[in-house]
Amino acid sequence: MNKPAVRWFSSTKTSCWTEKQAAGSGTGVANLALTPEKFQTVEGFGGCFNELGYAALRHLPEEDMRKVFYSLFHPDGELKFSICRLPIGASDYALEWYSHNETDGDLNMEHFSIDRDRRYLIPYIKEALKYNPKLQFFASPWSPPTWMKYPKAYNYGTLRWEKEILEAYALYFVKFVQAYREEGITIHQIHVQNEVVADQKFPSCVWTGEQLREFIRDYLGPAFEKHGLDTEIWLGTINGPEPWQEMIKKTTSDYDAYANTVLSDPEAYKYIKGVGYQWAGKYAIQRTVQSYPELRYMQTENECGDGNNTWDYAKYVFNLFRHYFVNGVNSYIYWNMVLEPKGRSTWGWEQNSMITVDPMAKKAILNPEFYVMKHFSHFVSLGSRRIGLIGPWTGNAVAFEKPDGTKVVVIANPFSDARTLRLSDGTVTHSFELEPESFNTIVLER
């Protein structure tokens with residue numbers, strides 16, 4: 001039996017991922033139409049491997065844990081993740097803070113070790129690789145080793161800007177890539193620092209654009225060349241100051257202070273394959289893509305909410321997906337894939353996750369943002385191209401064309417009443433009655 005030419009999946013607060021029938025075709029004037037324009041290529045979707053996520057998963061019975069991994073990572077699963085993030089040392093969702101070398105003054109990295117990762121992160125990653133052996137990884141530190149910082153602490157502070165420290169820190173990245181390779185895990189990209197503007201009570205380190213430029217140009221790039229690493233160097237992850245922050249007054253803009261400062265230097269630029277943005281980086285993505293369209297782009301950390309996993313916050317997250325894709329990213333990465341209820345970090349912040357594991361009931365719960373991700377990642381496969389849209393619904397939608405010619409439209413109805421979508425594919429206008437406050441994925445098969 002032939003598959004239907006049009007497939008439509010809808011999610012509301014009370015009913016997620018329901019397959020529905022289009023209302024009909026050929027009636028009324030289209031209020032959304034596909035155009036022949038083609039834009040960036042999709043490189044995938046994913047999430048971040050964190051210690052607290054693995055701790056949550058281990059509450060599940062073995063069969064239920066396998067179902068979660070299949071759902072997240074298998075090419076035939078629900079989310080089909082293909083590129084994921086991991087921390088270099090402790091993220092703010094580690095069980096405790098650590099780096100891979102806390103031996104003071106070890107400039108040659110003789111005491112570098114990933115032993116701690118073998119307890120939590122590496123088993124988590126290797127289990128995912130069983131479901132998708134082609135899964136790719138990018139990694140970034142939240143903090144350098146404490147003896148490389150001023151003040152000497154995981155939280156707050158900056159990197160000591162001394163030649164021997166900078167050389168040692170570049171070697172730290174080299175050792176990380178090599179150590180993971182020995183574990184059978186390829187690190188495909190290195191992003192120099194998580195949230196370069198974040199001066200936080202959790203592991204963090206503030207960088208200026210000038211510092212990023214110098215470190216990549218004079219230390220990290222040459223170190224990767226010297227050691228024959230083919231791991232890509234990315235300018236990331238750039239969060240940028242929020243518009244309301246005092247720091248914004250001290251910079252021309254987040255784009256000029258970071259991406260433009262680094263990429264406009266030819267010697268730094270030659271080492272950089274892409275730019276990773278998150279949080280307030282959303283204000284700089286458009287100008288960066290316009291200025292450097294030849295590079296690749298990634299939304300590196302989905303904004304995390306407050307641990308309540310509400311439908312209203314999922315609507316906000318849907319708009320983040322759309323914003324980043326229409327402004328040129330090739331991939332979109334969620335933050336914590338799995339957490340316990342309320343998603344409390346070791347430093348007290350409660351955050352959302354796609355999946356909540358109840359340790360008492362030993363049960364996995366799919367949260368609203370799981371379905372936001374599914375509306376994009378389930379059908380928008382690797383190699384898809386974003387395509388153009390025109391019409392009044394354009395501000396609520398984004399469209400893609402898969403390598404086989406299938407077209408996928410992801411659209412939200414933000415209103416509290418049902419609205420009619422009349423979608424033209426260039427030859428036929430299809431009609432859909434979009435439920436109030438719903439997410440929808442429409443697949444137009446060849």
Give me D for the chain in µm² s⁻¹, whole number, from Stokes-Einstein with Rh from the Kirkwood sum over alpha-carbon pairs, 37 °C and 0.692 mPa s. 145
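Looking at the chain, do any whole DSSP H helices span at least 20 angstrom along their long axis by alpha carbon and average -1.0 or above on Kyte-Doolittle, and which? Before the final figure, lay out the partial values.
Working: long enough: 163-182 (29 Å, 0.07); 311-326 (23 Å, -0.06).
Helices passing the filter in the chain: 163-182, 311-326.
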Keeping all protein chains in place and using 1.4 angstrom, which order do His74, His100 fall into by accessible surface area, from largest down? His74, His100
At 7 Å along the Cα-to-beta-carbon direction for both Lys201 and His323, put a label point, then send me their distance in nm to one decimal. 2.6
To the nearest 20 debye, what is the magnitude of the charge dipole of the stretch 219-372 about its Cα centre, counting +1 on the Cβ of each Lys and Arg and -1 on the Cβ of each Asp and Glu? 200
Over the chain, with neighbouring protein chains present, the accessible area per residue in Å² at probe 1.4 Å is 40
How far apart, in nm, are the 7 Å Cα→Cβ label points at Thr41 and Lys126? 3.3
Using a 1.4 Å probe and ignoring any ligands, DNA or RNA, find the accessible area of Ser345 and quote it in Å² to the nearest 10. 10
Translational D (Stokes-Einstein, µm²/s) of the stretch 231-360 at 10 °C and 1.306 mPa s when Rh comes from the Kirkwood sum over C-alpha pairs? 99
If the chain between Trp347 and Glu267 were fully stretched, how many nm would it gain, using 0.36 nm times the residue separation less the Cα-Cα distance? 24.9 nm
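Could you calculate the FRET efficiency of Thr14 with Glu182 from 1/(1 + (r/R0)^6), where r is the beta carbon distance between them and R0 is 51 Å, rounded to 0.05?
On the way: r = 49 Å, r/R0 = 0.96.
So the FRET efficiency works out to roughly 0.55.
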As a test of the definition: which semi-axes, in Å, follow for the stretch 1-148 when you take the square root of five times each eigenvalue of its alpha carbon gyration tensor? Largest first, please. 43, 20, 14
DSSP beta bridge pairing in the chain, given as percent antiparallel to the nearest 5: 60
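The values are calculated or read from the model by the stated rules, or taken from the named source; none is laboratory data. Just so we're clear, the structure is a prediction, and the values are computed from it rather than from any experiment. Cβ: placed from backbone, ideal geometry, glycine included. Neighbour counts: every protein chain shown. Each accessible area value is taken on the protein alone, full model and side chains, heavy atoms only, with ligands, DNA and RNA left out. Shrake-Rupley method; radii C 1.70, N 1.55, O 1.52, S 1.80 Å.
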